[in-house]
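Right, I'll just put the structure down here and ask away after.
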Amino acid sequence: MKKKTKLLLLRVLLGVLILANMVVIFLFSAQNGEESGKTSGEVTKVVAEVTVKDFAQKPAQEQTKIIEKMHPILRKLAHMTEFGSLGALIFLLLLTWKGSVWWRFGASLAGTFLYACTDELHQLLAEDRGPQFIDVLIDTSGALITCSVLLAVVLLIKHKKGKKSSHMQTTHYEIKSTVKDLRLRLALASDLHGCETDEILACLRKEQPDMILIPGDLTDDAGLRDKDNACYQFLRDCTAIAPTYYSLGNHELACYHKGNPWRHPHPRSVPAEVKARIADTGAVLLDNESVLHGVVRICGLTSGINGKKNEPDATALKRFASESGYRILLCHHPEYFMPYIKETDIELTVCGHAHGGQWRFFGRGTYAPGQGIFPKYTAGVLENRCVISRGLGNHTRIPRIFNKPELVIIHIQS
């Protein structure tokens, strides 16, 4: 059977189920107050017999009290179930067409809400029954629950499919410079967290940057201490493409530990053997220090996060701000820019850490460590001086939603 025919049959089936659901709701609403109460009362008695211990052995008066207590709750749950199934069926039908999952989610809730309104108006025709707007909200809440579950399933499926396919995004930003004849093409690869790097390296080879900048969270402290960790091969591959500069994020400094995020109240220093291992790859580790690359001076501002505060090394920042040349600062934390870096005249700062806010809606992130809920600085360019990457990896079990891993290419031009 052809795909189009199967799709048509599925739509017809869902349409019939929606119509049947609406008819059932209509028939129940057509009952008068006595009939409706009798039907729901019988159902409540059956539920009580199943759920209440020794219900049959209790005196008739006590049984009546139990039924009267359970009756209004079960009526509301029954309505939520009816409209929950209606909303879910509408959502499933709309999912058979292409488009944003969010408008289909909203349309399903809107359709259910409208039918709940007509259902309450329909009860005007039934004896001893009348409309209540609170019942409309209760009915719609059933649809909200079922549609939200379906939405979560759809988003999870999309996330798993994204993991199996090419899903990295390359973003290009142009930064204007006052330095005459300065033209640079920089690759910003932040927050890899030990992710697969084949696609990243392929993109870097295609973009052919003049420099590769890694502002922290390439891996964690355990990864750096493991001489066979894949991060070292990644650094070797990067240096084969372009000069590579690497600064330290909070994960390299052992600030986060599973089950106890503040196990070490103060960041660890990087062991000498780890620094030697990084140097052997050809990459340059910048731990609150700077180097000169042609007319460009590059500094790595090490993460200052610990159990008591989250601020950079003021001495290192002041020292770099006083140096000459076109200055590029690798700074893991974007929240450092406004209170600490903006007041300097450092030409360019590159950051990561925020992971784009993890879930992005309407171009805004929902949460970032160090900034909290609805953070301001999760991606993009601030004041033509600070570029924030959404990062390339994900070290949590919480999926990234509407937030593709991002390799940033920065074009500096006079």
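The values are calculated or read from the model by the stated rules, or taken from the named source; none is laboratory data. Every value quoted in this text rests on a predicted model; they were computed, and no experiment measured them. Note that we place each Cβ from the backbone using ideal geometry, even for glycine, and neighbour counts take in every protein chain shown.
Name the single residue that is surrounded by the most Cβ atoms within 10 Å (Cβ to Cβ) among those in region 74-119 being of a type in the set (S, T, N, Q) and without any contact (Cβ under 8 Å) to a residue 24 or more places away in the chain. Reasoning before the result, please.
Narrowing region 74-119 to residues of a type in the set (S, T, N, Q): 81, 85, 96, 100, 108, 112, 118.
With without any contact (Cβ under 8 Å) to a residue 24 or more places away in the chain added as a condition, the list becomes 100, 118.
Values: Ser100: 9, Thr118: 14.
Step by step, filter region 74-119, then rank; the result is Thr118.
Just to verify a result, which residue in region 159-177, among those that are surrounded by 14 or more Cβ atoms within 10 Å (Cβ to Cβ) and touching a helix residue (DSSP H, G or I) at 6+ places or on another chain (Cβ under 8 Å), is modelled with the highest pLDDT?
Thr170
In the list Leu224, Leu204, Leu248, which residue meets the criterion of being under 29 Å from Arg385 (Cα atoms), surrounded by 24 or more Cβ atoms within 10 Å (Cβ to Cβ), touching an Asp or Glu at 6+ places or on another chain (Cβ under 9 Å) and at pLDDT 90 or above?
Working: Leu224 fails: under 29 Å from Arg385 (Cα atoms); Leu204 fails: surrounded by 24 or more Cβ atoms within 10 Å (Cβ to Cβ).
Just one listed residue meets the conditions, Leu248.
Hey, another quick one. Collect the residues in region 298-311 that are assigned to a strand (DSSP E or B), buried (at least 20 other Cβ atoms within 10 Å of the Cβ) and in contact with a His (Cβ under 8 Å, 6 or more places away or on another chain), keeping them in residue-number order.
Leu301, Ile305
Starting from region 57-73, keep only residues that are touching a residue at least 24 places away in the same chain (Cβ under 8 Å) and within 9 Å of Thr44 (Cα to Cα), then list their pairs with residues that are of a type outside the set (S, T, N, Q) and surrounded by 11 or more Cβ atoms within 10 Å (Cβ to Cβ) whose Cβ atoms are within a distance under 8 Å, requiring at least 6 positions of separation or different chains.
Between residues of region 57-73 that are touching a residue at least 24 places away in the same chain (Cβ under 8 Å) and within 9 Å of Thr44 (Cα to Cα) and residues that are of a type outside the set (S, T, N, Q) and surrounded by 11 or more Cβ atoms within 10 Å (Cβ to Cβ), the close pairs are Ile67/Gly41; Ile67/Lys45; Ile67/Ala48; Met70/Val47; Met70/Ala48; His71/Gly41.
Among the residues of region 1-50 satisfying the criterion of being among the small types (Gly, Ala, Ser) and modelled with pLDDT of 85 or more, which is farthest from Lys76 (Cα to Cα)?
Filtering region 1-50 for residues that are among the small types (Gly, Ala, Ser) and modelled with pLDDT of 85 or more, the one farthest from Lys76 (Cα to Cα) comes out as Gly15.
Let me ask you something else. Residue by residue through region 170-207, note down the ones that are hydroxyl-bearing (Ser, Thr, Tyr) and either free of Cβ contacts under 8 Å to residues at least 40 places away in the same chain or outside any strand (DSSP E or B) (or both).
From region 170-207, those hydroxyl-bearing (Ser, Thr, Tyr) are 170-171, 173, 177-178, 190, 197; that's our starting set.
Within region 170-207, Ser177, Thr178, Ser190, Thr197 qualify.
Can Gly300 be described as modelled with pLDDT of 90 or more and of a type in the set (Gly, Ala, Ser)? Spell out how you get there, then give the answer.
Details: modelled with pLDDT of 90 or more: yes; of a type in the set (Gly, Ala, Ser): yes.
Answer is yes for this residue.
Quick one: Thr366 ticks every box in (1) of a type in the set (S, T, N, Q); (2) touching a helix residue (DSSP H, G or I) at 6+ places or on another chain (Cβ under 7 Å); (3) at pLDDT 95 or above except a single one, so which number is it?
Thr366 satisfies every listed condition except (3).
How many of the residues in region 208-254 are hydrophobic (A, V, I, L, M, F, W, C) and assigned to a loop (DSSP other than H, G, I, E, B)? Full working, then the answer.
Filtering region 208-254 down to residues hydrophobic (A, V, I, L, M, F, W, C) leaves 211-214, 218, 222, 224, 230-231, 234-235, 238, 240-242, 248, 253-254.
Imposing the further condition that a residue be assigned to a loop (DSSP other than H, G, I, E, B) reduces the set to 218, 242, 248, 253-254.
Qualifying residue count for the region: 5.
Can you name every residue in region 286-297 that is buried (at least 20 other Cβ atoms within 10 Å of the Cβ) and without any contact (Cβ under 8 Å) to a residue 60 or more places away in the chain?
Here is the first cut: in region 286-297, the ones buried (at least 20 other Cβ atoms within 10 Å of the Cβ) are 286, 290, 296.
Answer for region 286-297, where residues must be buried (at least 20 other Cβ atoms within 10 Å of the Cβ) and without any contact (Cβ under 8 Å) to a residue 60 or more places away in the chain: Leu286, Ser290.
Follow-up. Take Gln63 and tell me if it is of a type in the set (S, T, N, Q), assigned by TED's automatic domain parsing to the domain that holds Gly142, surrounded by fewer than 16 Cβ atoms within 10 Å (Cβ to Cβ) and over 15 Å from Ile145 (Cα atoms).
Details: of a type in the set (S, T, N, Q): yes; assigned by TED's automatic domain parsing to the domain that holds Gly142: yes; surrounded by fewer than 16 Cβ atoms within 10 Å (Cβ to Cβ): no; over 15 Å from Ile145 (Cα atoms): yes.
Answer is no for this residue.
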